[in-house]
Amino acid sequence: MVRRAGGRDVGLEHLTLLELAPPGFVSVAAAAGFNVVGLRVSPVTDAERAWPMRPGSAMLAETADRCAQTGIAVLGVEAIHPGARAQDAEPVLETAAALGARYATVLCEDPDVDRFADRFAALTELARPYRVRPVVEFMAFRPLRTLEETLAVIRRSGGGGLLLDTLHIQRCGVSAADLARTDPGVLSYLQICDAPTHPAADAITEARAQRLLPGEGDLPLSGMVSALPEILPVSVEAPNPAGREDPAGYARRARLAAECLLREMVLCAPWCSTGHRARCA
């Protein structure tokens, strides 16, 4: 399994291969060499398939068993849509706890950021007995669009965390210096992918279906990773049509791309010879 010297966890996010049911996704990630995963246990959009991962479900039990069999740990689950009552999020928190997940992603869809901050704080308190840390991320197409505003929400929460994503870092204009100044205590993990320097016309489609594997685009990934703590977990989130054509093969390519990035191109030569960007050399 992929682990950099020093013990950094390297994972695969479910969005990368979202057409796979959670148990199958865990098996594919393990076979590709990852040691952690992020799992979609509650849909983000209405068009997305809702896998039956509620507490007590057969699929949840099967997923937990598959993790145990393969040695895969669950880094985080998504997603919580915070409503008026924090208790409405408890099924996701129970599922996260059953899987041993460290984090649960909370979506900010509320244009009233102050109200969202209050709900995020309530969720953070609710999650304590489950030993799950709610985390939130900034995105150019959601109400939380800046690192500063997101950190302000986290500070008000009394224990919530920050989820970083290389695509959103680029599209929101966050620099490596900004990342380096961020309090390590609020960091959860870093989702990695690549992309062209300039955004696509449809930012949401780009984020959900048109990402590239690390090294296949133009993002300053090495600078982003280097600005953050060396032990911070990373997880590939790179949904792309190529993943639907060959999920297992795409997962293996994702693992090699992550290895190439994290080892600062030391092990990159064989991968570059099969089509990886020459800038890795």
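The values are calculated or read from the model by the stated rules, or taken from the named source; none is laboratory data. Just so you know, these numbers come straight off a predicted model, no measurement behind them. No Cβ is skipped: glycine too gets one built from the backbone with ideal geometry, and neighbour counts run over all protein chains shown.
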Over region 71-84, the set of residues of a type outside the set (A, V, I, L, M, F, W, C) and surrounded by 19 or more Cβ atoms within 10 Å (Cβ to Cβ) is Gly76, Glu78, Pro82
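Here is a list: Arg208, Arg263, Arg244, Arg255. Which entry is in contact (Cβ under 8 Å) with a residue 60 or more places away in the chain, within 15 Å of the chain's Cα centre (by Cα) and surrounded by fewer than 19 Cβ atoms within 10 Å (Cβ to Cβ)?
Values: Arg263 fails: within 15 Å of the chain's Cα centre (by Cα); Arg244 fails: within 15 Å of the chain's Cα centre (by Cα); Arg255 fails: surrounded by fewer than 19 Cβ atoms within 10 Å (Cβ to Cβ).
Sole residue among the options that is in contact (Cβ under 8 Å) with a residue 60 or more places away in the chain, within 15 Å of the chain's Cα centre (by Cα) and surrounded by fewer than 19 Cβ atoms within 10 Å (Cβ to Cβ): Arg208.
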With the first residue restricted to region 51-80 and required to be closer than 14 Å to Val28 by Cα, and the second required to be in a helix (DSSP H, G or I) and basic (Lys, Arg), Cβ contacts under 9 Å at 6 or more apart or on different chains are Ile72/Arg66
Flagged in region 39-84 as assigned to a helix (DSSP H, G or I), more than 12 Å from Leu99 (Cβ to Cβ) and either modelled with pLDDT under 95 or polar (S, T, N, Q) (or both), in numbering order, are Gln69, Thr70
Only one of (1) of a type in the set (A, V, I, L, M); (2) farther than 26 Å from Glu78 by Cα; (3) modelled with pLDDT of 95 or more does not apply to Leu221, and that is (2)
Residues of region 6-25 being assigned to a helix (DSSP H, G or I) and either out of contact with any strand residue (DSSP E or B) (no Cβ under 6 Å at 6 or more places or on another chain) or within 18 Å of Leu213 (Cα to Cα) (or both), in sequence order, are His14, Leu15, Thr16, Leu17, Pro23, Gly24, Phe25
(request) Could you check, for region 53-75, whether at least one of its residues is in contact with a Lys or Arg (Cβ under 7 Å, 6 or more places away or on another chain) and not aliphatic (A, V, I, L, M)? (result) no
